[in-house]
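The values are calculated or read from the model by the stated rules, or taken from the named source; none is laboratory data. Note that the structure is predicted; figures quoted are calculated from it, not measured. Cβ placement follows ideal geometry from the backbone for every residue including glycine, while neighbour counts extend to all protein chains displayed. Calculation scope for accessible area: heavy atoms of the full protein, side chains included, ligands and nucleic acids excluded. Shrake-Rupley method; radii C 1.70, N 1.55, O 1.52, S 1.80 Å.
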Amino acid sequence: MSAGVGWTELVVVEERLSAWLTERVGSRVRVEREHTGELRLSWVDGPTVPRMRDMLGDFGRHADIALPDTACARDLSELGRTVAVLLWLDRDPDRTELPEPELVDRAGTEIGYPERAHPRWQRRARNLRSVIEAERDDLVACVRLLLHRSAATGWDDTLAWLDDLEHRPPRHLQSVP
């Protein structure tokens, strides 16, 4: 932004940016100005960080303004994180060889809009979460179970098992060693 832009104009730009991104993302995107002058975007689920950066560029061209440095902070809901893991593994089931924490991190970084995944993937994610103790809310434990199951029966049978869980009462498991 130019040196002549005042505080009021900055606030208007932040509000416009928030509204513009929120409309495109489909969920609330918060835009806050840090004490350094940097903008900070935050949102839950929705697009990946690289996709959000592309949208920032689109906004700058659309509004014909230069945005200050912008930090992006994407968070994922627990269901969104679980859906992301399932979708990421389904793209390449050989990824089941990765350590659980790395797998969770990479899936969350590379899969955008998990909340828009087909309802079947949403159900599979809820079903997977249902077999781990509810109070633990531990995605790594869910992934460990998923990987254990996949190693024993194969990816397609693991997905069929997740689908079948919907028709059975949940039974909580402690963990897979």
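Relative contact order of the stretch 1-130, taken over Cα pairs closer than 8 Å and 6 or more residues apart, is 23 percent. With the charge dipole of the chain set up from +1 on Lys and Arg Cβ and -1 on Asp and Glu Cβ about the Cα centre, the Cα lying farthest toward the positive end among the listed residues F59, V83, T48 is that of V83.
Per residue, the accessible area of the chain comes to 55 Å², computed with a 1.4 Å probe over protein heavy atoms only. On C-alpha positions alone, give me the angle between the axis of helix 7-25 and the longest principal axis of the chain, in degrees, nearest 10. It works out to around 30 degrees.
Net charge dipole, the chain: roughly 380 debye, given to the nearest 20, about the Cα centre with Cβ charges of +1 for Lys and Arg and -1 for Asp and Glu.
Relative to the longest principal axis of the Cα atoms of the chain, the long axis of helix 139-153 lies at roughly 40 degrees.
Nearest 10 degrees, 0 to 90: what angle lies between the long axis of helix 78-91 and the longest principal axis of the chain (Cα atoms)? So the inclination is approximately 70 degrees. Could you look at the chain and say what percent of its accessible area is carbon and sulfur, using a 1.4 Å probe and all protein chains? In the chain, the share of accessible area belonging to carbon and sulfur is 48 percent.
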